[in-house]
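Scroll down for the structure; my scribbles are underneath it.
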Amino acid sequence: MRRLFAAMLLLAALAGCSAEPDPPPPAFNATDVMFLQMSLDYIGQGDQVLDLAERRAGDPRVRAIAIELRGQWQDESQTMRRWLAGWQQPPSADPDAGAHAGHGDLHSLRPADLAELDAAKGADFDRTAVSLLLGHLHNCVEVTRMEAAGGQYPPAKALAETMTRQRQGQIQRMLILAA
């Protein structure tokens, strides 16, 4: 009986000594937050182009890219919102705070851009949609590169790398359409 008790004490002591506390989750930094917030903003802007392109593009390749982007952006935005909520960060930066002032002054889609697309017809619509999406995706890639270079949260950096590869492939396909 003493041996059993001694063995149980030894096992308990060993278990206590070998048990390590759960490691803290990887930290995030301001670049990670900026990447997610800016990406969500770009997704929101780009969705306006996709809404029109899915319905009105005459070229089925333009519609296919719009549908592809919509699916990717929905998945990405869910992940981004979940991370920001977990970090207790808002999904968008306070525009008055200048939080994104150092992002290279990337162009956002303007109401005039969307009005031009809405007014375009036929082949002009397709050319305008492709042109807007090309610029938009280029800006998205610039934001993902900032994350890859300065982010700290490994899953966000991995997402940025995936997004870069996907967007570059989409840009290549759209350049063919624009030619």
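For the subset of segment 67-79 comprising residues that are of a type outside the set (Val, Ile, Thr) and without any contact (Cβ under 8 Å) to a residue 60 or more places away in the chain, which member is surrounded by the most Cβ atoms within 10 Å (Cβ to Cβ)?
Top of the filtered list is Trp73.
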| request: List every residue pair whose Cβ atoms sit under 8 Å apart, with the two residues 6 or more apart in sequence or on different chains, where the first one lies in segment 146-167 and is closer than 18 Å to Gly71 by Cα and the second, anywhere, is part of a loop (DSSP other than H, G, I, E, B). | output: Ala160/Gly151
| note | Of (1) in a helix (DSSP H, G or I); (2) over 28 Å from Ala149 (Cβ atoms); (3) of a type outside the set (Asp, Glu), Gly58 fails just (1)
| field | Odd one out for Leu177 among (1) farther than 17 Å from Gly44 by Cα; (2) modelled with pLDDT of 95 or more; (3) in a helix (DSSP H, G or I) | value | (2)
| Does Asp118 meet the test of being out of contact with any Pro (no Cβ under 9 Å at 6 or more places or on another chain), within 15 Å of Ile65 (Cβ to Cβ), acidic (Asp, Glu) and part of a helix (DSSP H, G or I)? | no
| request: Looking only at segment 137-157, decide whether some residue is within 22 Å of Pro60 (Cα to Cα) and among the hydrophobic types (A, V, I, L, M, F, W, C). | output: yes
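The values are calculated or read from the model by the stated rules, or taken from the named source; none is laboratory data. Predicted model only: the values in this text are computed from it and were never measured. Virtual Cβ from ideal backbone geometry, glycine too; neighbours counted across all protein chains shown.
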